[in-house]
Number of protein chains: 2
Amino acid sequence: MSATDRAGATLTIDLDAIARNYATLCDRATPARVAGVVKANGYGLGADRVASRLWKAGCRDFFVALPEEGIRLRRHFRRYPPAGPDGGAEAPRIHVLCPMIRGIEADLVAHDLIPVLNNPAELALWAAATARHGRLPAALHLDTGMTRLGFIESELDMLSEKPELAGALDIRFVMTHLACADLPEHPLNEEQRRLFSAMRDRLPAPLRALPASFANSSGIFLGPAFHGEMVRPGVALYGVNPTPSRPNPMAQVVQLQGKIVQVHEIDRGRTVGYGAAHPVTRKARIATVPVGYADGYLRALGGQGHCAVNGVRVPIVGRISMDLTTLDVSALPEAATPIGTPVELIGPTVSLDELAGNAGTIGYEILTGLGRRYHRVYRTRSEAV
Amino acid sequence: MSATDRAGATLTIDLDAIARNYATLCDRATPARVAGVVKANGYGLGADRVASRLWKAGCRDFFVALPEEGIRLRRHFRRYPPAGPDGGAEAPRIHVLCPMIRGIEADLVAHDLIPVLNNPAELALWAAATARHGRLPAALHLDTGMTRLGFIESELDMLSEKPELAGALDIRFVMTHLACADLPEHPLNEEQRRLFSAMRDRLPAPLRALPASFANSSGIFLGPAFHGEMVRPGVALYGVNPTPSRPNPMAQVVQLQGKIVQVHEIDRGRTVGYGAAHPVTRKARIATVPVGYADGYLRALGGQGHCAVNGVRVPIVGRISMDLTTLDVSALPEAATPIGTPVELIGPTVSLDELAGNAGTIGYEILTGLGRRYHRVYRTRSEAV
């Protein structure tokens, strides 16, 4: 029996759609360079496969969150050296966003990783590593409003006071991160833009002249003032709408298809699922699908969301169980829902963004939570992956 | 550098605590046999390790959700044959809860899996497989109120009408599943008990005499009337409170420890995180921990939960990011929160159940969502695992 048949659901990941989204973002951001953010295992879709496909699409700069993720991605690229339009002469640049902890320096060097330096202590740590490892690459992160990572204004002085620290490094660019880019009218966007400019102006001369990396996915759609020389889209590559108030300009990347494993004909009053949360009083047909919150199909979807059968929306009834979800398929004729009938959980009828909204969250969380029990199928017409 | 240092957080899984919880449940359920539910990869903690430890504690019956999970667990037990008090003479029995789809029969036989039969179609399928494979083991699932899986009343007649189907099989027990066991006062518990008894009475004679399997974790605490001959605890094994209205009788199994990677001193009005959702007007110290919703640290915790530093609760401020969480650590002296300071996400101060409550969900979902970027450490004094 095939793995597709054996799994509770099949997750199809369209790598070519990711490449098309990359091209769309390149068009939008030009002349800025477009990096690919592949942290959190490529937003849950497989950092290796995604990064290789992005490389083929022209991407040369990759961002991960943790050193461990960078190490894995570097190993992948070493095992499967990418052959791009330039014959693979240019090695993929892998940037690590999360601050390093003392002791990790040799790992970063060994795996040719570029840390994004987030604070004075990290800068000092990385500069000290040059004594053993020679001149090292880095990026500089300025915090303009996230209050999460990056140098804040009061920490900028040390860059001028100890110019030998940054001087010891090959700092490639200066970046910041937008907090409200998905809300184009939010005043913080313009505040961050102004503060980024002001903070860069306060940097010592060699750093002041460095290229800027500014926008995330949504930021790209705020216009050129938010691009800098390199943009860093993540979620838009994977098909989430970076412009929530307007139609989605991105191609859909994931489809999730389960199947009906049981249908219950109800002809008397009873309840569905845990907590007896869903009473059924009329005649109804309840179908069970072997996907649950253990698969990242969030429990918050209980009684809130829907799936689709043959393009017809069918409501989720009762709570989501760990391994199972129950649907009211009464709207469909009985002959349309035999055991084995495919059920769309994410697809042309129920988009990723809609599913996320029903769960009270955002597409990012749905993607990164996609479960490990799904049978995963990668689609690409590109020969080499 | 060690994996612990390199990861954003370390998840410690106390296998001996699982064994202690198993013993506690055995005491409660005696004389009923106690199975171990290890579906969803052992509630996220690693089905192989958990099942082996449960075996050493005396468990012989295991339940998984999907055939694929059963196949993996059987392979594990074949690779590492368990040596129990009986010298491993008795093979682990692995039951598959989810209905089988036509085509899976040979896989179940090859891996010595026992399907729980949920409906007439499945019974017929498994009975037909005996033509090729000889007499096959099974269990029978009656739906007494979950409206999810199992024979409903109107489907019982076929068991009498076609006695040759069940007759071809070695049916070991009859089970049902409680919908409201965590709510001892809920009338559905008693209704399910009565209906289970009535439905069993309606079974043809050979099936009527079979042992019953009734309670899940919480059901064990409803008392002997809900036990039958075998109980099937899952979540209580892993430390979640099966009696939410009373103190938790189970030992804690998981600890999750992150660390501070950056501290921001705020001395002017600004906001924290995405959406500028958390305004800070007074002087404050914001610490960043490299754990986010991509690690299953649910986004719903933003502004709702807390962590602990040295036993002191510190509130989560702003939204949870994909890879990062921000805490207000102003309540602690500055010297107590240097970079590298351990942060308890789940542990003696913040229990799994409390964390789940803060996220608006249940411990089950937190467990099964525990991320793959954590460094996992298994603790056991038991020699063989």
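The condition of being over 30 Å from A:Met1 (Cα atoms) and touching a residue at least 12 places away in the same chain (Cβ under 8 Å) holds for only one of B:Tyr22, B:Tyr43, that being B:Tyr22.
For the stretch A:41-55, the set of residues classified as farther than 13 Å from A:Arg379 by Cβ and outside any helix (DSSP H, G or I) consists of A:Gly44 only.
With respect to the conditions (1) among the small types (Gly, Ala, Ser); (2) out of contact with any strand residue (DSSP E or B) (no Cβ under 7 Å at 6 or more places or on another chain); (3) at negative phi, B:Gly8 lacks only one, and its number is (2).
Within the stretch B:260-279, the set of residues being at the interface with chain A (Cβ under 7 Å from one of its Cβ atoms) and touching a residue at least 24 places away in the same chain (Cβ under 8 Å) comprises B:Val261, B:Gln262, B:His264, B:Thr271, B:Val272, B:Gly273, B:Tyr274, B:Gly275.
Could you look through the stretch B:201-219, keep only residues that are within 27 Å of the chain's Cα centre (by Cα) and free of Cβ contacts under 8 Å to residues at least 60 places away in the same chain, and pick out the one that is farthest from B:Ala181 (Cα to Cα)? So, considering only residues that are within 27 Å of the chain's Cα centre (by Cα) and free of Cβ contacts under 8 Å to residues at least 60 places away in the same chain, the one farthest from B:Ala181 (Cα to Cα) is B:Pro211.
Does A:Gly369 count as open to solvent by 10 Å² or more (accessible area, probe 1.4 Å) and either within 14 Å of chain B (Cβ to nearest Cβ) or under 24 Å from B:Pro120 (Cα atoms) (or both)?
Against the criterion (open to solvent by 10 Å² or more (accessible area, probe 1.4 Å) and either within 14 Å of chain B (Cβ to nearest Cβ) or under 24 Å from B:Pro120 (Cα atoms) (or both)), A:Gly369 qualifies.
Within the stretch A:19-52, the set of residues being over 15 Å from the mean Cα position of the chain (by Cα) and not hydrophobic (A, V, I, L, M, F, W, C) comprises A:Arg20, A:Thr24, A:Asp27, A:Arg28, A:Thr30, A:Pro31, A:Arg33, A:Ser52.
Scanning the stretch A:280-300 for residues that are more than 20 Å from B:Tyr43 (Cβ to Cβ) and at the interface with chain B (Cβ under 8 Å from one of its Cβ atoms) yields a count of 3.
Screening A:Val272 against (1) under 28 Å from B:Ala294 (Cβ atoms); (2) of a type in the set (A, V, I, L, M); (3) buried (at least 24 other Cβ atoms within 10 Å of the Cβ) leaves a single unmet condition, (1). Checking each residue in the stretch B:344-359 for being assigned to a loop (DSSP other than H, G, I, E, B) and under 24 Å from A:Ala40 (Cα atoms) picks out only B:Ala359. One residue alone among B:Leu183, B:Leu149 is within 14 Å of another protein chain (Cβ to nearest Cβ), part of a loop (DSSP other than H, G, I, E, B), buried (at least 23 other Cβ atoms within 10 Å of the Cβ) and among the aliphatic types (A, V, I, L, M), and that residue is B:Leu149. Of all the numbered requirements in (1) closer than 22 Å to A:Val272 by Cβ; (2) among the small types (Gly, Ala, Ser); (3) touching a residue at least 24 places away in the same chain (Cβ under 8 Å), B:Ala198 misses one, and that requirement is (3). Open to solvent by less than 20 Å² (accessible area, probe 1.4 Å) and over 20 Å from A:Glu68 (Cβ atoms): does that describe B:Gly357? The answer is no for B:Gly357. Annotation: of all residues in the stretch B:315-341 being polar (S, T, N, Q) and under 31 Å from the mean Cα position of the chain (by Cα), the one that is farthest from B:Tyr364 (Cα to Cα) is B:Thr341.
Within 11 Å of another protein chain (Cβ to nearest Cβ), open to solvent by less than 40 Å² (accessible area, probe 1.4 Å), of a type in the set (A, V, I, L, M, F, W, C) and under 18 Å from A:Phe151 (Cα atoms), is that true of A:Ile101? Taking the combined requirement at face value, the residue satisfies it. The requirement of being assigned to a strand (DSSP E or B) and either within 14 Å of chain A (Cβ to nearest Cβ) or open to solvent by less than 30 Å² (accessible area, probe 1.4 Å) (or both) is not satisfied by B:His76.
Is it true that B:Leu108 is surrounded by 22 or more Cβ atoms within 10 Å (Cβ to Cβ) and within 20 Å of B:Leu73 (Cα to Cα)? So B:Leu108 passes the test.
For the condition surrounded by fewer than 24 Cβ atoms within 10 Å (Cβ to Cβ) and more than 19 Å from A:Tyr364 (Cα to Cα), B:Val312 qualifies.
The values are calculated or read from the model by the stated rules, or taken from the named source; none is laboratory data. Just so it is clear, the structure is predicted and the values come from calculations on it, not from any experiment. Here the Cβ is made from the backbone with ideal geometry for all residues, glycine too, and neighbour counts use every protein chain on show. Protein only, heavy atoms only, side chains kept; ligands, DNA and RNA dropped before computing areas. Shrake-Rupley method; radii C 1.70, N 1.55, O 1.52, S 1.80 Å.
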